[in-house]
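Below is one structure; the comments refer to it alone.
Read the figures in this text as sums done on the coordinates, not as results from a lab. Just so we're clear, the structure is a prediction, and the values are computed from it rather than from any experiment. Note that we place each Cβ from the backbone using ideal geometry, even for glycine, and neighbour counts take in every protein chain shown.
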Amino acid sequence: MIIAIGTENPAKVQAVKQGFSSIRLITDFKEVSVPSGVSSQPLTDEETMKGAENRAKAARLAAGADIGIGLEGGVMETQAGFFLCNWGALVCADLPPIIAGGARIQLPLEICAELVKGRELSPIMDEYSGSRQTGRSRGAMGIFTNGTVDRTEMFTHVVKLLAGRYHYELEQNS
Ligand SMILES: O=P(O)(O)OP(=O)(O)OP(=O)(O)OC[C@H]1O[C@@H](n2cnc3c(O)ncnc32)[C@H](O)[C@@H]1O
Ligand SMILES: [Mg+2]
């Protein structure tokens, strides 16, 4: 079973590999950089979810794979300020897209103040943490939980939900 991953971001790639290790399928992974088809900084759940689905479809096509997985990060605004939001999608030939969401965490006020100026989270986080490309390693999730839950762990949970649901559908249809 070939699984195309719609990114080359190591934090996400590792999450897909770990997430699929929890179900009994023999898998071979292909990483492909594909466009999300949404803005570089998604600002709603819907836009972030759409980005995940677009990536999953594009990756599956580009790699000629059985399954495509897309993972997308964004932020969404509530009465309690901005939250990190993350979505994942799994696409295959025989089922409608499977979608699952990740854990959310409130962003500190100084980060929200930069987001409302229209800036992207990635450079804000790099400035704030004094390190580069934080979205490719621990991510904002890792920084604001003091390492308790990093970006890979959060996305691994999303991929477990996707893989588990796929497995459920396979058994229902067998
Ligand atoms: O290479 P890709 O797969 O695109 O990985 P990415 O890190 O750019 O991740 P997304 O496109 O899914 O995220 C959308 C935007 O939000 C930023 N972002 C999202 N979650 C983040 C996190 O945990 N830490 C830092 N930046 C994050 C990211 O850098 C983008 O500007
Ligand atoms: Mg990106």
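Laid out as a table, the results:
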read-out: I23/T148 FRET efficiency (R0 25 Å; Cβ-Cβ; nearest 0.05); value: 0.45
read-out: Qualifying GluC sites (Glu not before Pro) in region 1-85, DSSP loop, other Cβ atoms within 10 Å at most 13; value: E8
read-out: Relative contact order %, the chain, counting alpha carbon pairs below 8 Å whose residues are six or more apart; value: 23 percent
read-out: Exposure proxy ranking, count of Cβ atoms within 10 Å, fewest first, for M1, M125, M49; value: M1, M125, M49
read-out: Hypothetical label at D66: residues of region 24-42 whose amide nitrogen lies under 14 Å (7 Å Cα-Cβ projection); value: 24-30
read-out: Theoretical FRET efficiency, 1/(1+(r/R0)^6), r = Cβ-Cβ of R132 and K30, R0 25 Å, to 0.05; value: 0.40
read-out: Where N is the number of residues in the chain, Cα Rg divided by 2.2 N^0.38 Å; value: 1.01
read-out: Zone of C112's modelled label, taken as backbone nitrogen in region 78-102 under 20 Å from a point 7 Å along Cα→Cβ; value: 78-86
